[in-house]
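Asks: Below you will find the structure I want to go over with you.
The values are calculated or read from the model by the stated rules, or taken from the named source; none is laboratory data. Everything quoted here is computed from the prediction, not taken from an experiment. Here Cβ is always computed from backbone atoms with ideal geometry, including for glycine, and neighbour counts include all displayed protein chains. SASA here: full protein model, heavy atoms, side chains in, ligands and nucleic acids out. Shrake-Rupley method; radii C 1.70, N 1.55, O 1.52, S 1.80 Å.
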Amino acid sequence: MILALRELRRRPGRFATAGVILTLIAVLLMFLGGLLDGLIQASTGAVRAQDADVIVYSDNAQASLARSRIEPEVRETIELLSAVTEVGGLGVVQLGARVPDAGPRDLAGVALFGYELAPTGVPDTPADGEVYADEVLRADGVEAGMELLLGPARSPVTVIGFVSDTSFNGQGALWASPATWRDVLDANRPDARVSGEVFQALVVRGDAEPDDLAAMIDRITAEYHTASATRSLSVPDAVNAIPGVEEQQGTFNQIIGVTIVIALVVIALFFSLITVERAGLYGVLKALGARSSTIFAGLVAQAVVVTLIASSIAAALTIALDAALPPGSLPLAVSADRIITSVLLLLVAAVVGCSFSLRRVLRIDPASAIGSSS
Amino acid sequence: MTIPSPPTAVHFDTALHLEPALHLDDVRKVYPMGDAEVVALASANLTVGSDEMVALVGPSGSGKTTLCSIAGGILSATAGRITVGGQDITGFSDKELTSFRQESVGFVFQAVNLVPFLTARENLIVVDELGRRTGAPARERADQLLEELGLADRAKNLPSQLSGGQRQRVAIGRALMNEPDLVLFDEPTSALDTELGEQVMELIRSEMKSRGTAAIVVTHDERITHFCDRSVHIIDGHLDA
Ligand SMILES: Nc1ncnc2c1ncn2[C@@H]1O[C@H](COP(=O)(O)OP(=O)(O)OP(=O)(O)O)[C@@H](O)[C@H]1O
Ligand SMILES: [Mg+2]
C-alpha cells in the first residue's frame, strides 16, 4: 500500500492518462446528474411546493393539471369528510409573457397559477391582477413592479414579489388569485375556460396519513359523483406522477449508468495494463514475501486515489461551470448530494474495475523473479 | 521463529546444538514440458551449516536456480524434504511459504530486481513494509546495512542513478533486511567485471561471516569459489556432494 502510494507520488505521469479520462467522465457524470436534477426541479417545483397532504385530480386526468377539472359539488363532498381540515383550489395556464424592454418576439414562458392555499415559500393569495413571480423569470428580465402581458390576449398582471423553486413544466411560475387565473384562461384559452367555482385540482390538508386521506377522498367521490370521481395523490406521489418526470429520470439514469460502465471499463483496462507491465516487479515482491492481497490492495489504493483526485477536479470544474453559465440558460442544479453520489459511484467502479486484475495478480508466480528470465 | 545467530566466540563449541541452515533430503524437481518432462533436480541431498557459505557451481541449465528457488520456498519440489533453519517447509501452503520467505530467507536474484521508483534506502525498507511493519527498527537496520555496504551517501539515489556494483550491493542489503537464516545468491557477480565481482564477493563474505548467516552462492565461475567455505558441483540436476 505504502509502495503503491509512493509510486503514485513518484511517477504521477504514468497515471495522468487515466486521471484525465476519469476527470472527463466524472465531469460528464456530475453534469448529467446536475442537468437531471435541474430538469426535475424545474418540472416539479410548483407541485413540490404545495403545503398540503394530498392533491386531488379528476379521475381521468392522469395527474395532469391541464386535463383535470374539479366541480364545486365534488369539493363540497370532500369538505364534508371529518379528516379533511382545509381545502384549496388550484389551477394553471401556460402562456408566453411579454416582458417590458425585451424584444417583441422575446416571450418568456410562464405558468400562471391561481391558488387559495399558499404553497411553501409563497405568500397568501395576492389581490386580483397581481402576481408573485418565480426567481427563474429574472433571467427573462422580469423585475418587481413590472407589468407583464400574458398570452395572445395580452392580459396584464403586475409582479409584486418573487418566490423560488416553484417552476412548472420547466417554466417559471406566476402565483395569482383564482379570479385572475380564470380571467387569463378565459381570455387566452377560450377552449379550456372553466366556469364559476371550478378548479383543475384541489390541495387538501387533513389530519390523517396522506395515503389514507387520499383513499378516503377517492372513495367518497366515487360514491357520490360517479361521473366526476377523483384520483388523489400524496404530494410525493403527485410529484412522481407529473407527466414526463419518470421518463426523464429513467432516461438520465440510463445515460448515467452507461457512463459509470465506461468509467469501470477505463479503470479495468488501465489497471490490467499496469498489472501486465508490472508482472516482473510483482514477482519480485512476492519472492520477497509480499502476499497477493497486499499487492492487490496497493492496486486498489492507486485506483481509489486516482479516482478521488479526478473527482475533486471534476467537482471543481462542474461548480465553476455552474457559476459561469448565465442563470436560466440551462436547467443545471449542482448539489453536494449529486456530487457525492457521483464520486461514490465512481469509487465503486474503480474497485470493481480493479478486481478484473485480481486473478492476474494472484497468478503471478514468485518464481518468475528468480533466474535470468526476468 | 528466527533462530538467533550464535556469537562467533562460541561458534567452535560443538556442544552447542545448532540446526543446519538448510537440509535437502532427496529433493527432486521435474518440469512438465508438453508431453515430455525435464528433470531439473534429481534426488539432491545437501546440508548447509548454520553459518556456512556454500558455492554452487555448474554449467548453464544444470539446475542451480531451481535448487535455490526450492530452498527459498519460491518453488515447490516434486518430491523430497526441505528443512530451512529447523523448519520443515515441504508441505507448506502458498500462504505459509509467503510468510516463510518474508521472515526466514533472503534472495539476491540473478538479475538485480530493485524497485525502480524507490531510492536505495527505500528498496531496503520495502521488505519491512511488505510484512508486519516494525517501522523505526527497520529504518535503523536499513541505515546500518547501507553503511556497511558503503552506500551511506547513495541512500537517496534511485536505482537508475546507481552503478551496476552499487545496485548489486543494494540487492544484498535488501536480502539481509529480514535477518534471514539463509541467503541465496543467484550469480551475484555475473553482471560485474572480475575486479568488481571480487569486491562484491568480499563484501558478501564479510556480511555473512559477521552475522553468522548461512548462504548459497550460485556461480559458474570457478574463480570466485574461494570466497566460500566449500563448493558443491551440479551437473544435469545431479549434486556431487
Ligand atoms: N519453468 C520451467 N519450465 C520448464 N523447464 C524449466 C523451467 N525452469 C527451468 N527449466 C529447466 O530446468 C533445467 C534447470 O534450469 P535452471 O534454471 O535451474 O538452470 P541454471 O543452472 O540456473 O542455469 P543458468 O546458469 O543458465 O541460470 C533447465 O534444463 C531448464 O531448461
Ligand atoms: Mg539460473
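Asks: Over all directions, the average projected area of the alpha-carbon convex hull for segment B:39-132 comes to how many nm²?
Replies: It is 7.5 nm².
Asks: Using only Cα atoms, figure out Rg for the protein assembly as shown and give it as a multiple of 2.2 N^0.38 Å.
Replies: Here the answer is 1.58, to two decimals.
Asks: If you don't mind, another one. Assign unit charges at the C-beta atoms only (+1 for Lys and Arg, -1 for Asp and Glu), then state the dipole size of chain A relative to its Cα centre in Debye, rounded to the nearest 20.
Replies: Taking the Cα centre of chain A as origin, the dipole is about 3340 debye.
Asks: Which one of A:GLY250, A:GLY141, A:GLY289 has the biggest mean-square fluctuation once chain A is modelled by GNM with Cα springs under 10 Å?
Replies: So, out of A:GLY250, A:GLY141, A:GLY289, the one fluctuating most is A:GLY289.
Asks: Let me ask something else about it. Sorted by packing (mean other beta-carbon atoms within 10 Å per residue), highest first, where do B:126-132, B:109-115 land?
Replies: B:109-115, B:126-132
Asks: By average Cβ neighbour count within 10 Å, what is the ranking of A:275-285, A:1-11 from highest down?
Replies: Final packing ranking: A:275-285, A:1-11.
Asks: Hey, what did chain A get for relative contact order, percent, Cα under 8 Å, at least 6 apart?
Replies: Computed over chain A, the figure is 28 percent.
Asks: Now a separate question. Defining a contact as two alpha carbons under 8 Å apart and six or more residues distant in sequence, what relative contact order in percent does segment B:22-240 show?
Replies: It rounds to 31 percent for segment B:22-240.
Asks: For peptide A:280-288, compute the average count of partner chain beta-carbon atoms within 10 Å of each residue's beta-carbon.
Replies: The per-residue average across the peptide is 6.
Asks: Here's something else I'd like to know. What accessible area, in Å² to the nearest ten, does a 1.4 Å probe give for B:HIS220?
Replies: 100 Å²
Asks: Rounded to the nearest 5, what % of the DSSP beta bridges within segment B:22-240 are antiparallel ones?
Replies: Given both bridge residues lie in segment B:22-240, the antiparallel proportion sits at roughly 50 percent.
Asks: Given springs between every Cα pair under 10 Å in a Gaussian network model of chain A, which of A:ALA61, A:ALA324, A:ALA176 has the largest fluctuation?
Replies: With Cα springs under 10 Å in chain A, the top fluctuation among A:ALA61, A:ALA324, A:ALA176 is at A:ALA324.
Asks: Over the Cα atoms of segment B:22-240, what Rg and Dmax result, in angstrom?
Replies: Considering segment B:22-240 through its Cα atoms, Rg and Dmax are 17.0, 54 Å.
Asks: Okay, moving on. Using only the Cα atoms of segment A:229-374, construct the convex hull and provide its projected area averaged over every direction, in square nanometres to one decimal.
Replies: Mean orientational projected area (segment A:229-374, Cα hull): 13.1 nm².
Asks: When only the heavy atoms of the protein chains count and the probe is 1.4 Å, how do A:ILE21, B:ILE125 rank by accessible area, highest first?
Replies: Most to least solvent-accessible, the answer reads A:ILE21, B:ILE125.
Asks: Which of the trypsin sites (Lys or Arg not before Pro) found in segment A:70-127 are in a DSSP loop and have at most 16 neighbouring Cβ atoms, other than their own, within 10 Å?
Replies: A:ARG105
Asks: Suppose we keep just the DSSP beta bridges with both residues in segment A:46-241; what percent of those would be antiparallel, to 5?
Replies: Approximately 75 percent, going by the DSSP bridge assignments.
Asks: Using +1 at the Cβ of each Lys and Arg and -1 at the Cβ of each Asp and Glu in the protein assembly as shown, identify which of A:THR318, B:PHE100, A:ALA192 lies farthest towards the dipole's positive end.
Replies: With unit charges placed on the Cβ atoms, the residue in question is B:PHE100.
Asks: Order of B:222-231, B:197-206 by packing, highest average Cβ count within 10 Å first?
Replies: The packing order, highest mean first, is B:197-206, B:222-231.
Asks: Counting only other residues whose beta carbon sits under 13 Å from that of A:ALA144, what net charge do I get with K and R as +1, D and E as -1?
Replies: Its environment carries a net charge of -4.
Asks: Let me know the charge dipole size of segment B:22-240 about its Cα centre in debye, to the nearest 20, where only the beta-carbon of Lys, Arg (+1) and Asp, Glu (-1) is charged.
Replies: Rounded to the nearest 20 debye, it is 520 debye.
Asks: In the protein assembly as shown, what percentage of the DSSP-assigned beta bridges are antiparallel, given to the nearest 5?
Replies: Counting DSSP beta bridges with both partners in the protein assembly as shown, the antiparallel share is about 65 percent.
Asks: Continuing with this model, one more query. Eigenvalues of the Cα gyration tensor times 5, then square-rooted: what semi-axes does that give for segment A:23-81, in whole angstrom, largest first?
Replies: Semi-axes, largest first: 38, 12, 7 Å.
Asks: For the protein assembly as shown, what is the calculated [θ] at 222 nm in deg cm²/dmol (nearest 500), taking -39500 (n - 2.57) for each run of four or more DSSP H residues and dividing by its residue count?
Replies: Only helices count here, giving -14000 deg cm²/dmol.
Asks: So how do A:TYR115, A:TYR224, B:TYR31 rank on accessible area, 1.4 Å probe, biggest first, that is with the largest at the start?
Replies: A:TYR224, B:TYR31, A:TYR115
Asks: Shifting gears a bit: Stick to Cα atoms and the Kirkwood definition of Rh, then tell me Rg/Rh for segment A:1-140.
Replies: Taking Rh as the inverse mean 1/r over Cα pairs, Rg/Rh reads 1.24.
Asks: Here is a follow-up. Note down, for segment A:154-274, the three equivalent ellipsoid semi-axes (square root of 5 times each alpha carbon gyration tensor eigenvalue), biggest first, whole angstrom.
Replies: 42, 24, 14
Asks: So between A:ALA102 and A:ARG154, what do we pick up on full extension, going 0.36 nm a residue minus the alpha carbon distance?
Replies: Gain on extension, A:ALA102 to A:ARG154, equals 17.2 nm.
Asks: Give the relative contact order (percent, whole number) for segment A:46-241; include only Cα pairs under 8 Å separated by 6+ residues.
Replies: That works out to 36 percent.
Asks: Scale the Cα Rg of segment A:46-241 by the rule-of-thumb value 2.2 N^0.38 Å and send over the ratio, two decimals.
Replies: Against the empirical 2.2 N^0.38 Å value, I get 1.02 for segment A:46-241.
Asks: Taking beta carbons within 10 Å but only from partner chains, what does the mean come to for residues A:8-15?
Replies: Counting Cβ atoms of other protein chains within 10 Å of each residue's Cβ and averaging gives 1.
Asks: Could you work out, residue by residue across B:129-141, how many beta carbons of other chains sit within 10 Å of that residue's beta carbon, and then give the average as an integer?
Replies: Partner-chain Cβ atoms within 10 Å, mean over residues of B:129-141: 2.
Asks: Could you sort A:LEU269, B:LEU97 by accessible area so the largest value comes first, with the probe set to 1.4 Å?
Replies: A:LEU269, B:LEU97
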